[in-house]
1. Roughly how many Å is it from the Cα centre of the range 1-65 to that of the range 503-519, as a whole number?
2. With a cut-off of at most 12 other beta carbons within 10 Å, and DSSP calling the residue loop, which chymotrypsin sites (Phe, Trp or Tyr not before Pro) in the range 1-95 qualify? Please list them.
3. Give me the one-decimal nm value for the distance between modelled label points at His471 and Glu11, 7 Å along each residue's Cα-to-Cβ direction.
4. Could you tell me the calculated FRET efficiency between Lys133 and Asp300, based on Cβ-Cβ distance and R0 = 41 angstrom, to the nearest 0.05?
5. Once you order the gyration tensor axes a ≥ b ≥ c over the Cα atoms, which shape class does the range 446-516 get: rounded for a/c under 1.5, otherwise prolate or oblate by comparing a/b with b/c?
6. Leaving ligands, DNA and RNA out of it, work out the accessible area of Phe561 with a 1.4 Å probe and give it in Å² to the nearest 10.
7. Along the charge dipole of the range 416-571, which of Leu446, Ile532, Pro557 sits closest to the positive end, that is, farthest toward it, with unit charges on the beta carbon of Lys, Arg, Asp and Glu (+1, +1, -1, -1)?
8. Between the range 359-407 and the range 316-348, how many Å separate their Cα centres?
Amino acid sequence: MKLRQRKKLGELLCEKSYLDESGLKFALEEQKVKHRRLGQILLDLGYITQAQLNEALAHQSGIDKVDLTNLSISSNVIGLVPAELVSKYNILPLRQGNGHLTVAMTDPFQPQVIEDLRLVTGCTVRRYYADPKEMENAILKFYGSNAARMMDDLVPAEQRKEAEELDNGDYSPAKLHELAREPSLVNLVNLVILEAIEARASDIHIEPFEHEVKIKYRIDGMLVERTPSSKRLQAAIISRIKIMANMNIAERFVPQDGHIEFAGKKGRVDLRVSTVPTVFGESIELRILDRSTSLMKLHDLGMNDQCLEGFTQCLHRTHGLVLVTGPTGCGKTTTLYASLNKIYSPAVKMITIEDPVEYQLEGINQMPVNPKRGLTFATGLRHILRHDPDIVMVGEIRDRETANIAIRAALTGHLVFSTLHTNDAPGAVTRLIDMGVEPFLLASSLEAVLAQRLVRKICPKCKASYKPDEHLIKSLNGSMKIQPGTKFYHGTGCNECGQTGMSGRIGMYELLRVTTTLRELIATRPTTEQIIKAAPPDHISMVHDGLTKVLEGVTTPEEIFRVSKSIGEED
């Protein structure tokens, strides 16, 4: 009987398209000089990842690969291996019988893992290789998240009934400090924040109720509920976050704001913290400020060519008012930061006034508002104008005084950027007039209004064509003619997107450029409908822009319909 010849590592990596022939050739030359293992040389060169090497080595050694996507594991088997071992070594027990334990591993070549499993279970171990992403999801499914497991350890199931009957509001400040400094509690709060960052969440909501504390993450604009915490941990979790954010730990009946600088896996992450008192205790909201997202380039935000060109022209004006509108969390600040970065020059003086300053922009003077000390948008803007700026950014126009100062600054040779909470671009004009701004001043100063929303993108890993609901297409058909037979796409759901079919977000935009015709109309106190009718012929609505992204296969009709309801274009 002829033995099958074992394939070489380089050959296997090339077969799986993890490596090309030229890369293999270079690594083999390096091996002749350095006399080290080929796998390590390929890792050092950055040609392959550790996961790719582990997969190839497992194949070479005859260790089969197991599919963890549709797996059923007995609770008895799960109970054999502690969560600590599973998390530490990234392993998963599959089945047990006749003194053998079958285990899935992302790295099947760790002797210590085999030995620890043998000591804990008393079984000999049979190894299988598993894909790291599949392993992550399977561990989450059968063991829960790290934070959930830690909550279970801190408050076992048999103590939860007793915990529900506790009154968490009667702790003294000294006791709260003691609870918040417990190492296990510190680790739990850090884990909750880390898991949110890794899940690409923009916010963390910690909400106390009668019998539990709900923990929710906002991912791609949608709230996702995680494993709730026991009521017993409520006071300690809230106190720990307040200590991290330099808040008053003893004050539980007045809203507070704070800031946390958190060391994430990819560097420093800023968190803006806010507390409000509720019937069952303080509710906490943590806004995760992701520098990489907020400092995007203007052309990466998702504007179509026409909108980008028109908006860029407005950015290069010497004076005038440019507004960005939309609800909270729609990316207005991101757009303004991208705009300032695009036009920044050492020859131009830029000053901003923000609430709060989310990120420091290189070469730009940024002022945070401080109402407690009398520094509001209006007072700050008044003083900014004495510093000879060329470009001014006002974080938000909230009142008549701020609006009037911003408009007068635009009329006296400054380029002013700001944001406003309106549903669409034409609505910004009527909102400012309703605030008390003189229509003739607004007509003379306003250059453009950019309205925006964020829509979720289809996950590229599970993207597939499908047929959407006919009534939905008919309801959107008024904004843009959709041809019969048009192909539509959606995400079927996979491990990469958490079975949602969506991953990441992109903007949909509406740019209203103020033409001579519009200036004349604005001076007459027009309605929103009149402004829309007088808009330039090439004016594109937000829903129209969104449908263009649907036809390009970027997002789904359902997503545009969901977002368009907040714009007021649908019944």
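1. Each part reduced to its Cα centre gives a spacing of 52 Å.
2. Details: sites: Tyr18, Phe26, Tyr47, Tyr89; in loops: Tyr18, Tyr47.
Answer in residue order: no site qualifies.
3. 6.1 nm
4. Details: r = 26 Å, r/R0 = 0.63.
That gives a FRET efficiency of 0.95.
5. On the way: a/c = 3.57, a/b = 1.51, b/c = 2.36.
Oblate.
6. For Phe561, the solvent-accessible surface is approximately 60 Å².
7. Towards the positive end, the residue furthest out is Pro557.
8. Using only Cα atoms to place each centre, the spacing works out to 14 Å.
The values are calculated or read from the model by the stated rules, or taken from the named source; none is laboratory data. What you are looking at is a predicted structure, and each value in this text was computed from that prediction instead of being measured. Using ideal geometry, Cβ is built from the backbone for each residue, glycine included, and neighbour counts are taken over all protein chains shown. Note: accessible area is taken over every heavy atom of the protein model, side chains too, but ligands, DNA and RNA are not part of it. Shrake-Rupley method; radii C 1.70, N 1.55, O 1.52, S 1.80 Å.
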